[in-house]
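Comments concern the structure below.
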Amino acid sequence: MKKISLLIIFVMLMSLVAVSTVGCGEQELTKVRLNEVTHSIFYAPMYAALNLGFFEQEGLEVELTNGAGADKVMTAVLADQADIGFMGPEASIYVFNEGKEDYVINFAQLTQRDGSFLVAREPDPEFTWEKLRGKTIIGGRKGGVPEMTLEYVLKEKGLEPGKDVTVLTNIQFALMAGAFTGGTGDYVTLFEPVAAALEQESKGYVVASVGKEGGEIPYTAFCAKKSYIEENPEIIEKFTKAVALGQKWVATHSPQEIAEVLKPSFPDSDLEILAKVVERYNEQDTWCTTPYFKKAGFERLQDVIEEAGQLTKRAPFEKLVTNEFAEKVVIE
């Protein structure tokens, strides 16, 4: 009788262990549809968080798609084709100023500088911005932060766009490198790893950093519709925590280590190029170390947009940015 009782207890314990094991192995993840503005090493902390499993650690399954432009990402978010958008905060300002009731709110900042580099047709170690006078630059979409930051820098260097230098704004972001190698323009502004790839192929050479010259600016951030944030605060908090873990990891590891972690996201780029690009971005203090979104940066962004003649009225920081989730995860 005693043996039977012990056997029953043993079987019950084993059953509990089995159930527990199955439960852990089949933990249901909450799917989050994330639409990114472009696929670039510029967003290293995000890819680190994805590839190191930080989102899964928070119970989230991220479905990543490429919007190929802030306007398209915003369209996807507003049309409920994406839960979270990853793009320049300028898009949220435009939507708010249009009077959209369920507007988009930025909840986590990732980068704090422009990520583009000025690429020339020939190496120019003695480059000065004055050399752009009378030249043509492929600069990106009109009203986009890359193009506006470029024009801001040009003006700071004493060059008036449209007068002293021509900035082409009619070429789609994804087609800029192809247009340049095809013979259009004297210079082009490109993100990485595209710029480094052109250097490797001897089709273009980085001569200056737009981000370094443009100063600190909230360049890319994660955002979602006001209604989505209100209905899913736990998801937003978990997402923000995963981002923060990615930022912390990148800030404490070498370019070579980061390159190895980024490799799955950039299978066509070799480790040497990845490490070179990471080092290039790291040297100019590209990445935020926490997802906290500073008000000063938001106002400076609006200065840049205003200077470009693309801002009808300034938008309130308090409505378009929330640091509620960033503050929680940073404290944790």
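Distance from the alpha carbon centroid of the stretch 76-107 to that of the stretch 195-267 works out to 19 angstrom. Scoring 167-173, 264-270 by mean Cβ neighbours within 10 Å over their residues and listing the highest first yields 167-173, 264-270. Amide H contacts of residue 209 (H built 1.01 Å from N, in plane; Pro and chain starts excluded): 118 sit under 5 Å, all sequence-distant by 5 or more or on other chains. Can you tell me how the stretch 177-332 classifies by the Cα gyration tensor, rounded, prolate or oblate, using a/c under 1.5 as the rounded cut? In terms of gyration-tensor shape, oblate.
Distance between the C-alpha centres of the stretch 123-165 and the stretch 297-332: 25 Å, rounded to the whole angstrom. Working note: Karplus 6.51/-1.76/1.60 with θ = phi - 60° gives the stretch 94-102 the couplings 4, 5, 4, 5, 7, x, 4, 5, 9 Hz, where Gly and Pro are set to x.
The residues packed around residue 97, meaning those with a beta-carbon under 14 Å from its beta-carbon, carry a net charge of 0 if Lys and Arg are +1 and Asp and Glu are -1. Seen against the Cα atoms of the chain and their longest principal axis, helix 2-25 is set at about 10 degrees. Near residue 226: Cβ cut-off under 11 Å, other residues only, Lys/Arg at +1 and Asp/Glu at -1. The net charge is -1. Electrostatic bookkeeping for residue 182 treats Lys and Arg as +1 and Asp and Glu as -1; over the other residues with beta carbon under 13 Å from its beta carbon, the sum is +2. Restricting the calculation to alpha carbons of the chain gives Rg and Dmax of 22.9, 99 angstrom. Taking every alpha-carbon pair within the stretch 117-214, the share separated by more than 19 Å comes to 32 percent.
Quick note: the coordinates plus some simple rules give every number you see, no bench work behind them. Everything numeric here is computed off the predicted structure, so don't read it as measured data. Glycine gets a Cβ as well: all are built from the backbone with ideal geometry, and neighbour counts include every protein chain shown.
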